[in-house]
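Asker: Sharing a structure here in structure tokens format.
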Amino acid sequence: MIDSEQLKQHMVKAVEEIHATNPMAGSITNTVTIDFVANAQLAVGGSAAMVYLPDEGEALVAGGGAIYLNMGTLFPIYEQTIPRAAKAAHDAGKPWVLDPVGLGIGSLRTQLVNELKQYKPAIVRGNASEIIALAGLWGLEGEAADLSRVRGVDTTDTVDAARDAAVALARYTGGAVVVSGEVDLITDGMTVAKSHGGSPLMSKITGCGCSQGGVLAVYACAADPFTAAVCGTAVYNVAGTRAAAVADAPASFKVAFIDELYRATAQDIASNQLDLEEA
Amino acid sequence: MIDSEQLKQHMVKAVEEIHATNPMAGSITNTVTIDFVANAQLAVGGSAAMVYLPDEGEALVAGGGAIYLNMGTLFPIYEQTIPRAAKAAHDAGKPWVLDPVGLGIGSLRTQLVNELKQYKPAIVRGNASEIIALAGLWGLEGEAADLSRVRGVDTTDTVDAARDAAVALARYTGGAVVVSGEVDLITDGMTVAKSHGGSPLMSKITGCGCSQGGVLAVYACAADPFTAAVCGTAVYNVAGTRAAAVADAPASFKVAFIDELYRATAQDIASNQLDLEEA
Amino acid sequence: MIDSEQLKQHMVKAVEEIHATNPMAGSITNTVTIDFVANAQLAVGGSAAMVYLPDEGEALVAGGGAIYLNMGTLFPIYEQTIPRAAKAAHDAGKPWVLDPVGLGIGSLRTQLVNELKQYKPAIVRGNASEIIALAGLWGLEGEAADLSRVRGVDTTDTVDAARDAAVALARYTGGAVVVSGEVDLITDGMTVAKSHGGSPLMSKITGCGCSQGGVLAVYACAADPFTAAVCGTAVYNVAGTRAAAVADAPASFKVAFIDELYRATAQDIASNQLDLEEA
């Protein structure tokens, strides 16, 4: 299990490298929040590009430091695009981030997630219900096909209820898992970190989860999956806390939130409350 | 014809129930304003989910309280997705909301709208030209195929000119129709309500109409179509009036507008000026 | 080469006509920034409509004053939609604007751009690397297929390095070319104009380039390509400069930027610093 001071040093180093190099993390992501994903990636110091076609996804993998695959709004062509992008990243040894949003809606989503198992995402991010459903679907923990708990894009489970699923997922992938909630949980299968902060207004705007996935991919360009996952979670909690101090309604909160993603320094991110325990 | 005090009571009850239960109204909607639709639905107290594939649309119908079908930017797959979602809602006895935006652009839009007639939307929302064109296309009022009056996504007719078309549509569907304009008209075929307020800046941002359709679907989860239509129109007029009091340019107006959707109470919505007359 | 005072008069006339007539410029554009494109078009006084299907693109050409084709996020159907829209504009003698964003990512983009050459866009807008790559691809200047310099959606070249490519493109099309950068370059093949202003924050939000393409299409409804290109570039520099005076972080900057697009008068736009030289 990593030591708290050592982790902070890794975090500062990762954030500073992102600010210095502006790495490109491509995305295949949903149309609802695609603008938020790109703007959040730019705000934290990365660079963004989004595509839909299979060979274009492979080109983004080749040209970038990581790729983000978000299952929010599937198009028919995704039957090819999503697995080919994941395979390209896997074969190139580049990190990719999975957001299994809406797992349980329709058949293609389940089919794709099953196909993606072999390519082992460096980071998985989801709400508690999605993480529990994914671990079940991949046969790692819990019921094999318990998709009924996922209600649209909302969670019906608590973060603590998803702890075992998250740890099992991380041990399988060898990467990190982020469970978003009031207190966020991040694990690499050995350490469980809990990141505090944020605001209830984050659930009153669409795309905090999706855009965090894109930010995780940016950090994954410059750090190991666990450090990237902790950084990408901490910066969201820092920005959420600060935005809530100046805005009390969702649209002005969103503007303030992205501004604070941009303003957050490496020290701000590394100093945000993070509790570590053994997995 | 409903009594004014009774309608206000229905409105207060509907809005309070939405605030208490956060019902999910799924959408198949255009990519231009999809983020605005979702954020408006969240702001008024609902929950949002957007998809493109046929079985996913059916899943949203099954998992939500209502569904919103907006024809803004058609994809080829919509030839299946849109009718199957409407049929699923019809068969399940769940309300669905139709926004026939851009009627007259291309052939698929007309084909789909013709196919949707049989599934009788609980609420139709459009500008005057779209409502007149829809009533004509469905053979309910006016010329059968007078689509020339729809100029892109803008209206060339006044709200009053669409009164007969709106009443005919509502009598056919057994639901409600909203005609958006300077003064909005809402009818269930028996009563015609006119809702006042809003701001000219609402036409200087994209998506006020589209996002209102999503909000109407949220209210339809908790109220009969006419009450839902009146609530969803009134909350837009309340928020538009208030936003125009603090912002004089479109982007800051949009931020203020969504904030005011969030702040509007059941009393605010029920107290907004509404004139009732017989259809 | 045009005289500076004469150009200013053309600019004032164009902007005032847009404000008076609100012409519709349709778009086939990417999903990342589609909302920004529409809102920017509305803010400068135009009207917007976006579609994906081939006959719908043709309908927008028929119904509008110009059309904007942005290659950001290609869908499979674009293999038909994009060339048919360009051909329809060409055949109707209406101006169309090309943004070859992401040239070099995947094969369809290159195929489409090659096909578009014959339809001669009235205005091309891109960053320096995209303009150099396009001139090379069309065999007008530089290496025939030097796409490696395009890194995702970012530029690796300076505006000055793209001068010859821009002039060659403009001479081929008979229209205008805009190269976006710290100082923007606009040419019609005879005159080279340099437009000053803007802010580094414009590169910290997604879509300044894309939305400028939509605005160029609006101006092209009311002016010759060079005047339209100069107006659409100047209004972005005016709004960028003013927004940076009131906002120091990207999301609040974006709000202020769109507000300033709306506030900019014909005089503001025509008075922005513009240096003219022979091509």
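The values are calculated or read from the model by the stated rules, or taken from the named source; none is laboratory data. Nothing here was measured: the structure is a model prediction, and the numbers come from that model. In this analysis, Cβ positions are derived from the backbone assuming ideal geometry, glycine residues included, and neighbour counts consider all displayed protein chains. To get the accessible areas, we keep the full protein, side chains included, count just its heavy atoms, and leave off ligands, DNA and RNA. Shrake-Rupley method; radii C 1.70, N 1.55, O 1.52, S 1.80 Å.
Asker: Toward the positive end of the charge dipole of the stretch B:1-125, about the Cα centre and with charges on Cβ (Lys, Arg +1; Asp, Glu -1), which of B:Ala86, B:Gln111, B:Ala20 goes farthest?
Answerer: B:Gln111
Asker: I'd like the accessible area for C:Arg171, computed on protein heavy atoms only with a 1.4 Å probe and all protein chains in place. Round to 10 Å², please.
Answerer: 150
Asker: Using alpha-carbon positions, what is the distance between the centroids of the stretch B:80-128 and the stretch C:210-262, in Å?
Answerer: Centre-to-centre distance over Cα atoms comes out at 37 Å.
Asker: If I model a spin label as a point 7 Å beyond the Cα along the Cα-Cβ vector, how far apart are those points for B:Glu16 and C:Glu115 in nm?
Answerer: Taking the simple label geometry, B:Glu16 and C:Glu115 are separated by 5.9 nm.
Asker: Next question, about the same structure. Could you pull out every residue, at least 5 positions away or on a different chain, whose amide H is within less than 5 Å of the one on C:Met50? Hs are placed 1.01 Å off N in the peptide plane, and Pro or chain starts have none.
Answerer: Hits under the 5 Å cutoff: C:Ser27.
Asker: Heavy atoms only, probe 1.4 angstrom, no DNA, RNA or ligands counted: give me C:Glu79, B:Glu130, A:Glu17 ranked by accessible area, highest first.
Answerer: C:Glu79, A:Glu17, B:Glu130
Asker: Mind giving me the nanometre distance, one decimal, between the label points for C:Thr156 and B:Asp91, set 7 Å out from Cα along Cα→Cβ?
Answerer: Roughly 5.4 nm, to one decimal.
Asker: Could you work out the relative contact order of chain A, using alpha carbon pairs under 8 angstrom and six or more residues apart, expressed as a whole percent?
Answerer: 22
Asker: For the stretch B:169-259, what is the charge dipole size about the Cα centre, in debye to the nearest 20, if Lys and Arg each add +1 at the Cβ and Asp and Glu each add -1 at the Cβ?
Answerer: Here the stretch B:169-259 has a charge dipole of around 80 debye.
Asker: Right, next: Once the whole set of protein chains is in place, how much accessible area is left on C:Val51, using a 1.4 Å probe, in Å² to the nearest 10?
Answerer: Its accessible surface works out to 0 Å², give or take rounding.
Asker: Can I ask one more? Which one, A:Gly45, B:Ala244, A:Ala135, projects farthest toward the positive side of the charge dipole computed for the protein assembly as shown from Cβ point charges (K/R +1, D/E -1)?
Answerer: Selected residue: A:Ala135.
Asker: Once amide H atoms are built 1.01 Å from N in the peptide plane, which residues 5 or more positions from C:Asp184, or in another chain, come under 5 Å H to H?
Answerer: Those lying under 5 Å, H to H, from C:Asp184 are C:Ser195.
Asker: Put a dot 7 Å past each Cα toward the Cβ at B:Arg263 and C:Met190; how far apart are the dots in nm?
Answerer: It works out to 5.5 nm between the two label points.
Asker: How are the C-alpha pair distances of the stretch A:209-279 spread across 5 Å bins, as whole percents from the shortest bin up?
Answerer: Taking all Cα pairs of the stretch A:209-279, the binned fractions are 3, 16, 25, 25, 17, 8, 4, 1 percent.
Asker: Could you give the size of the charge dipole of chain A about its Cα centre, using +1 on the Cβ of each K and R and -1 on the Cβ of each D and E, expressed in debye and rounded to the nearest 20?
Answerer: I would put it at about 360 debye.
Asker: I would also like to ask the following. Roughly how much of A:Leu276 is accessible, in Å² to the nearest 10, using a 1.4 Å probe?
Answerer: 40
Asker: Shifting gears a bit: Assuming 0.890 mPa s and 25 °C, estimate D for the protein assembly as shown with Stokes-Einstein, Rh taken as the Kirkwood radius over Cα pairs, in µm²/s.
Answerer: 91
Asker: Now for a different question. When only alpha-carbon atoms count, how far does the stretch B:238-279 stretch along each of its three principal axes, as whole angstroms with the largest first?
Answerer: Taking the Cα atoms of the stretch B:238-279, the three principal extents are 38, 20, 14 Å.
Asker: Follow-up question, since we're still on this one. Can you name the helices of chain B, as whole DSSP H runs, whose Cα span along the helix axis is 30 Å or more and whose Kyte-Doolittle mean is not below -1.0?
Answerer: Span-like helices here: B:225-246.
Asker: Based solely on C-alpha atoms, express the radius of gyration and the Dmax of the stretch A:1-83 in angstrom.
Answerer: Gyration radius and largest Cα-Cα distance of the stretch A:1-83: 15.1, 47 Å.
Asker: What are the extents of the Cα atoms of the stretch A:4-270 along their three principal axes, in Å, largest first?
Answerer: Taking max minus min along each principal axis of the Cα atoms, the stretch A:4-270 gives 42, 38, 37 Å.
Asker: Can you give the charge dipole size of the protein assembly as shown about its Cα centre, rounded to the nearest 20 debye, using +1 on the beta carbon of Lys and Arg and -1 on the beta carbon of Asp and Glu?
Answerer: So the magnitude is around 420 debye.
Asker: Hey, another quick one. Calculate, axis by axis, the spread of Cα positions in the stretch A:153-279 along the three principal axes, and write the results as whole Å, longest axis first.
Answerer: Sorted from largest, the Cα extents of the stretch A:153-279 read 40, 33, 23 Å.
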